[in-house]
Amino acid sequence: MDNIQVFMRIRPLSEDEYKRDRTSESAVRMLTDSTVSIPSQRTENFTFDFVGTEDCAQEEVFEAVGKRAVEQCIQGYNGTIFAYGQTGSGKTFTMQGARDEFTGPDDELRGLIPRCFEYLFARIAEEEARCNGRVKYLCKASYIEIYNETIYDLLDPLIRTCALREDIKKGIFIDNVTEETVQDPNEAYSVFVRGTTSRHVSATSMNRESSRSHSVLMLIIQSLTQMDTGLTEIRESQFNLVDLAGSERQKLANTSGMRLKEAANINKSLSTLGNVINSLVDISNGRPRHVNYRDSKLTFLLRDSLGGNSVTFIIANVSPAMCNDAETASTLRFAQRAKMIRNKAVVNQDMQGNVPQLQAEIQRLKLQIAQMRPNGSSVMDSSLAGSEYTVSPYSETVVSSDSGSGGIGARPAGLETKEHRIMWKFVLLVMRKLQETERQKARYAENIFELKDSLDRHRRQLQQQKLVLKLSKAECEALRRNTSIANVASAENNALREEITVLQSALSAQPDYSELIIENHQLLEELGYMTARQSTISDLPDLTEAREAIESLLISETNAIDLKAAFPIIPDDAVYAGLEAKIKQAQHDINDLELQRDKLEFQINSIEEDWQSVNEGTHKLSTASTDDQVDAIIEKTMDSIVGDQARDTWSAISSLFTRTF
Ligand SMILES: Nc1ncnc2c1ncn2[C@@H]1O[C@H](COP(=O)(O)OP(=O)(O)OP(=O)(O)O)[C@@H](O)[C@H]1O
């Protein structure tokens, strides 16, 4: 079992960082060639397999990481290189090189990926020449990115989405992903460049072209070796080159829409990666743990690279700036933990031939080996059967887990000739098959455990949803009750309005007072005129009686009294004032009612808005995956609620989620 190898790389200080820090002093202190500390963060010391300082060349990183990974893959081991670090720390520079500036094999700034291509194909040519054409290699490339928890095939012209599948023989694989055969470094590089142009990038405060996704370039390296026996030995390894999205916590505040979803997903997958690493570290320290690989696409896809069948390297990229010291310390802590993980890499090797043929061959070999032993007993029968074995196909030894019996570790006596050694190799192969079956069984058991775990989680979620639904129904009922009170008030309002209309029409049905007043006024004027002419009239002796009669008739008061008596319909001042007061009162009532109605309408709207906020908040909570997300949703929703009742309901719902998380 080999530990994951961790390499730290410090990039040079950028101009922006220099302006911010006002110093070129590095936040990282080199204690030895491989041990560093961050004094400003008062952290512990960190020791890695390799530390590249600011002036570390691309070639050095390749020699330390890329070359070793390619060598392992050529032998048939799976290999993975992860570039980890905060945004702008140099992950893409390390993996790919200075962006868009690759000018070919002489370019000093080209990164690990082009250098690995060059070295891989050079080594393949070497191996094929060495074995005089008995070995043939085949390389296929796939290139995907994981963006918002969805896998995109970057080599597909439509950048199709793909699903992850698990097969007991193949392990975890991407269904239907494009695989392109590549025969030399140039072909491989042009495939890589084509995929890179389809990646999701955008500008961040730290980086003009920041990767918003995890990208995984996968090379399948197959070798077919013609054996002297006529059988074909097949070795197949997968080489993953992974450029992760920035490791710093993405800011969710003041972010919305697509950016919010993007940031939340980056947080989710990186925190799952952290959790997986923590569980694996616990396992390495002898504490049994369940590893939640399935919690993110990244960890599930790269399950073998983390604690499984792979030789894995992590490059922890950091900035030397003082302003980034906290992020640098966090990256180094992550890397330090990852270094404790132990992987179990084995050569992925098989023999081609049909089952009966192989079985017959195995029987024949077993028999021959048994005959070669001095006491005639079978190796299988006497020593290997019923035990657990670790097989090293290169050293040609078998080691029993129930050691102590001692006799089966080394190659048995009597295998001096070439033919015998080949036979012994077949027996080893059978042992390996047995071992593989054991591993598959263990994997089945692990899968069942994971599925049960996931089922339990879904059950719990369902129960929560049911409770939320119940609370929502109660709230709905309360709102409905409120609405019916509002309806009663509005019915009263309408009745009053109708009453006012009736009163107004009754008022308008009264006689026209102004007309009567005008008429009265005209009569008074006429009286004045008659009085003025009175002297003239009094000169007419024969008209005196008539004048007196007219005078008595035309005295204004008498006239008015007579008029009132003659026309009782004309209202007096008190009636008029009374009517006016009634009109005023009615208008006052109308104003009051209108005010009341506005208030009720406002209340109804507020309740409706509160209810909508509670609903939306509940929905968001059910999709939130981290404590921070839950806190942010609870706070934001609480801020937007006005009414006490909705506040109480929201508190009840949110406390439920807080407790669950
Ligand atoms: N070792 C280095 N030497 C010189 N320049 C570097 C080095 N590492 C990074 N840079 C420069 O720093 C900038 C940011 O680097 P890069 O884009 O590789 O960061 P990143 O970690 O991939 O960021 P993101 O996560 O946002 O994609 C680039 O302009 C790159 O050229």
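A compact table of results
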{"item": "Filter result for the condition that a residue is within 14 Å of the ligand (Cβ to nearest atom) and over 32 Å from the mean Cα position of the chain (by Cα), over Ala57, Ala122", "result": "Ala57"}
{"item": "Strands (runs of 3 or more DSSP E) wholly inside region 133-176 that include at least 3 residues being surrounded by 13 or more Cβ atoms within 10 Å (Cβ to Cβ) and at pLDDT 90 or above", "result": "135-147, 150-153, 171-174"}
{"item": "Leading residue by the ranking (nearest to the chain's Cα centre (by Cα)) among those in region 1-29 that are assigned to a strand (DSSP E or B) and away from the ligand (no atom under 16 Å from the Cβ)", "result": "Val6"}
{"item": "Selection from region 217-247 of residues that are of a type in the set (Val, Ile, Thr) and either assigned to a strand (DSSP E or B) or within 16 Å of the ligand (Cβ to nearest atom) (or both)", "result": "Ile220, Ile221, Thr225, Thr232, Ile234, Val242"}
{"item": "Condition check for Val177: in contact with a Cys (Cβ under 7 Å, 6 or more places away or on another chain) and without any contact (Cβ under 8 Å) to a residue 60 or more places away in the chain", "result": "yes"}
{"item": "Verdict on Pro114 being under 35 Å from the mean Cα position of the chain (by Cα), more than 13 Å from the ligand (Cβ to nearest atom) and not in a strand (DSSP E or B)", "result": "yes"}
{"item": "Subset of region 25-53 (residues that are touching a residue at least 60 places away in the same chain (Cβ under 8 Å), charged (D, E, K, R) and closer than 21 Å to Arg68 by Cβ)", "result": "Asp49"}
{"item": "Restricting region 79-106 to residues that are at pLDDT below 95 and more than 16 Å from the ligand (Cβ to nearest atom), the residue that is surrounded by the most Cβ atoms within 10 Å (Cβ to Cβ)", "result": "Pro105"}
{"item": "Residue count, region 60-74 (criterion: more than 16 Å from the ligand (Cβ to nearest atom) and in contact (Cβ under 8 Å) with a residue 60 or more places away in the chain)", "result": "6"}
{"item": "Out of Glu609, Glu616, sole residue that is within 30 Å of Ala263 (Cα to Cα) and more than 27 Å from the chain's Cα centre (by Cα)", "result": "Glu609"}
{"item": "Test: residue in region 206-215 that is in contact with a Phe, Trp or Tyr (Cβ under 8 Å, 6 or more places away or on another chain) and away from the ligand (no atom under 16 Å from the Cβ)", "result": "no"}
{"item": "Any hit, region 274-297, residues being within 16 Å of the ligand (Cβ to nearest atom), buried (at least 21 other Cβ atoms within 10 Å of the Cβ) and either in the same structural domain as Ser213 (by TED's automatic domain parsing) or free of Cβ contacts under 8 Å to residues at least 40 places away in the same chain (or both)", "result": "no"}
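The values are calculated or read from the model by the stated rules, or taken from the named source; none is laboratory data. Note that the structure is predicted; figures quoted are calculated from it, not measured. Quick reminder, even Gly has a Cβ in these numbers, built from the backbone with ideal geometry, and neighbours come from all protein chains shown.
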